[in-house]
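Each remark here refers to the structure printed beneath this line.
The values are calculated or read from the model by the stated rules, or taken from the named source; none is laboratory data. Everything numeric here is computed off the predicted structure, so don't read it as measured data. Note: ideal-geometry Cβ built from the backbone for every residue, glycine included; neighbour counts use all protein chains shown. Surface accessibility is based on the protein's heavy atoms, side chains included, excluding ligands, DNA and RNA. Shrake-Rupley method; radii C 1.70, N 1.55, O 1.52, S 1.80 Å.
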Amino acid sequence: MLTIQCLGTGRGATNFKTGAPSTAYVIKHSGKPVLLIDCGAGVGRSASTLLEGSLPADIYLSHNHADHTGDLPLYIATWPSDAEKIRLFGHNEVLKIVRNHRLHELESLGLAADKAVHWNPATNGQTIEVAGLTLQLFKSAHNYLCYGFVMYNNTRPILGWTADSRFEREIYETVATAPVAIVHGRDAPSGDHASFEEIDEFCKQRQDTEFYVSHYESSNFSFAAANVSLLDTGREIVLDNSF
Ligand SMILES: [Zn+2]
Ligand SMILES: [Zn+2]
């Protein structure tokens, strides 16, 4: 069985002010964590608690915002030296930004150099093979270079993820090709995130997909569409029973 568990939905400031973890997810294969998706501020603690210390070596990175990569330097720095190497996956340009900026301090210690971390940019700029799955990347509509993906088991789409993105129909159509889609929303629309209202309107037209909304703030918004719900830390969703 293949599942995805939410390890946090906050923004960087959420962790600073309240201790609540910012953004990350983990893919589990028969209960075993196999792929971490983003590693925002506070996620190390959340992952250690929710995954009982069984941290995955494979990590997909959508973009270099602190709420998505803030804990990555510590995740790497505290990685046991006798364990297998950490493998970082993502779009080539995103990995370059992460390496040169977020991990600059570790580079100077040699920790983020190839001896501690394997870098795995997407082939052809778009495709990643990891944990027996295929990720087909697409560029999100965000204020910082960011890539979401559709995850495939062989040729079957099982998960669509916008990563941080404002509402753009083409992106939402892409993630809705999978039976489960995770999108990022807020109360009000902006250049960086979709609004709950935009998401609700779209989901009504896509009843075959179950939508989960990662949200940075608690909201009183109630979705009219029956196939959409807010995503909270700890929530686990089944992606594939046949796996
Ligand atoms: Zn962002
Ligand atoms: Zn974010």
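The residues listed here are 168, 217; of these, the one that is within 16 Å of ligand 1 (Cβ to nearest atom) and modelled with pLDDT under 95 is 217. Could you tell me how many of the residues in the stretch 19-32 are open to solvent by 10 Å² or more (accessible area, probe 1.4 Å) and away from ligand 2 (no atom under 16 Å from the Cβ)? So the count comes out to 6. The set of residues from the stretch 68-86 being at pLDDT below 95 and surrounded by 24 or more Cβ atoms within 10 Å (Cβ to Cβ) is empty. Does residue 142 meet the test of being within 26 Å of residue 202 (Cβ to Cβ), open to solvent by 10 Å² or more (accessible area, probe 1.4 Å) and either in a helix (DSSP H, G or I) or modelled with pLDDT of 95 or more (or both)? Against the criterion (within 26 Å of residue 202 (Cβ to Cβ), open to solvent by 10 Å² or more (accessible area, probe 1.4 Å) and either in a helix (DSSP H, G or I) or modelled with pLDDT of 95 or more (or both)), residue 142 qualifies. Candidates in the stretch 186-207 are the residues that are away from ligand 1 (no atom under 13 Å from the Cβ) and buried (at least 17 other Cβ atoms within 10 Å of the Cβ); of these, the one that is nearest to residue 219 (Cα to Cα) is 196. Among the residues making up the stretch 44-67, those that are assigned to a helix (DSSP H, G or I), surrounded by fewer than 24 Cβ atoms within 10 Å (Cβ to Cβ), of a type outside the set (S, T, N, Q) and more than 16 Å from ligand 2 (Cβ to nearest atom) are 44, 45, 50.
Taking residue 35 as the residue in question, decide whether it is in a strand (DSSP E or B), closer than 19 Å to residue 118 by Cα and not aromatic (Phe, Trp, Tyr). In short, yes.
Applying the criterion of being of a type in the set (Asp, Glu) and surrounded by fewer than 16 Cβ atoms within 10 Å (Cβ to Cβ) to the residues of the stretch 145-172, the residue that is farthest from ligand 2 (Cβ to nearest atom) is 170.
Within the stretch 50-70, residues that are closer than 23 Å to residue 128 by Cα and more than 9 Å from ligand 1 (Cβ to nearest atom) reach partners that are among the hydroxyl-bearing types (Ser, Thr, Tyr) and part of a strand (DSSP E or B) with beta carbons closer than 7 Å, at six or more positions or on different chains, in the pairs 70/22.
For the stretch 91-116, residues that are on the phi > 0 side of the Ramachandran plot and buried (at least 18 other Cβ atoms within 10 Å of the Cβ) total 0.
A single member of 41, 20 is within 13 Å of ligand 1 (Cβ to nearest atom) and either assigned to a loop (DSSP other than H, G, I, E, B) or hydroxyl-bearing (Ser, Thr, Tyr) (or both), and it is 41.
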